[in-house]
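Read the structure below first, then the notes.
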Amino acid sequence: MLDYAASFFFRIVREVLRDDIILTVCRITDPAKSRVRGEQENNLTIKYLVSIIPPADNTSQRTLKSMLPQIEARCAKFRDHRNRRIGHHDLDTRLSRPKALLPAIGINDTDEALHSIGVALNAVERH
């Protein structure tokens, strides 16, 4: 009975941790601003941090802007999961229809995404 309960418990923990990682990666790579009740609000994201670097420090800003496409590419799978499975209840995804299959997210995908985010945040900190 303990073996049965433990496997169920650890499966739930794994799913919760996976979703938390997906949400965190997406939050930090969201747009610099969002519309909230008709007003533009700043988001604490990499894009916002890049946008507030003074124009006088053109080198830092240009370097960080050049990192953004790579970060976006590495986080695309995460965003797809967040938008269709976690954040919203996409009907086709919930019904597991073949056309709605989500891309698998492996450990390597997570490592690459977190590495590219870390490089950008370290560059911001050095600035």
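Of note:
- Arg85 being touching a helix residue (DSSP H, G or I) at 6+ places or on another chain (Cβ under 7 Å) and either free of Cβ contacts under 8 Å to residues at least 24 places away in the same chain or hydroxyl-bearing (Ser, Thr, Tyr) (or both): yes
- Among the residues of segment 41-65, those that are aliphatic (A, V, I, L, M) and either assigned to a loop (DSSP other than H, G, I, E, B) or loosely packed, with under 11 Cβ neighbours inside 10 Å (or both) comprise Leu44, Ile52, Ile53, Ala56.
- Filtered by the rule that a residue be surrounded by 16 or more Cβ atoms within 10 Å (Cβ to Cβ), over 28 Å from Gln61 (Cβ atoms) and either touching a Ser or Thr at 6+ places or on another chain (Cβ under 8 Å) or at pLDDT 85 or above (or both), segment 82-108 gives Arg84, Arg85, Ile105.
Residue by residue, here is whether (1) assigned to a loop (DSSP other than H, G, I, E, B); (2) more than 18 Å from the chain's Cα centre (by Cα); (3) more than 15 Å from Ala120 (Cα to Cα) holds:
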site	(1), (2), (3)
Val13	no, yes, yes
Thr24	no, no, yes
Met67	no, no, no
Arg84	no, no, yes
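- Per-region count, segment 47-64, residues under 19 Å from Val119 (Cα atoms) and either of a type outside the set (A, V, I, L, M) or modelled with pLDDT of 95 or more (or both): 10
The values are calculated or read from the model by the stated rules, or taken from the named source; none is laboratory data. Since the model is a prediction, treat every value here as computed from it, not as a measurement. Using ideal geometry, Cβ is built from the backbone for each residue, glycine included, and neighbour counts are taken over all protein chains shown.
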